[in-house]
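Everything below concerns the one structure shown next.
Every number in this text was worked out from the coordinates using simple rules, so none of it is lab data. Note that this is a predicted model, so its numbers are computed, not measured. As a convention, Cβ positions derive from the backbone with ideal geometry for all residues, glycine included, and neighbour counts pool all protein chains shown.
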Amino acid sequence: MQRVEIQLDPADFGQQMGAMRLWLNQHRCEASIFDCNQNGPCILVSVVFYSTDEAQAFADRFTGRLSGVQR
């Protein structure tokens, strides 16, 4: 499994979360973990995918970074 981390501005949080859900549904991707935490002035969204290819596509779409393999 592969983790993707994305930092969001709190002002854009709702819109971006909606866009992420739409993208996941359109691509028929299933995330095993979807977590949000306050990280200073930003919100850190962490999403763990079963597929590395799906994780990379999600990271590319939402300007995220792959942060390692989860077991």
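Which residue out of Glu30, Glu5 is touching a residue at least 60 places away in the same chain (Cβ under 8 Å) and acidic (Asp, Glu)?
One residue alone meets the criteria, Glu5.
Being more than 13 Å from Arg3 (Cα to Cα), loosely packed, with under 14 Cβ neighbours inside 10 Å and touching a strand residue (DSSP E or B) at 6+ places or on another chain (Cβ under 9 Å) is the filter here; which residues of the stretch 41-71 pass it?
Selection gives Thr63 alone.
Please go through the stretch 21-32 and pick out each residue that is under 16 Å from Gly64 (Cα atoms) and out of contact with any helix residue (DSSP H, G or I) (no Cβ under 8 Å at 6 or more places or on another chain).
Hit for the stretch 21-32 is Arg21, nothing else.
Within the stretch 33-53, is even one residue in contact with a Phe, Trp or Tyr (Cβ under 9 Å, 6 or more places away or on another chain), of a type in the set (Phe, Trp, Tyr) and either in contact (Cβ under 8 Å) with a residue 60 or more places away in the chain or under 22 Å from Val69 (Cα atoms) (or both)?
Checked the stretch 33-53: at least one residue is in contact with a Phe, Trp or Tyr (Cβ under 9 Å, 6 or more places away or on another chain), of a type in the set (Phe, Trp, Tyr) and either in contact (Cβ under 8 Å) with a residue 60 or more places away in the chain or under 22 Å from Val69 (Cα atoms) (or both).
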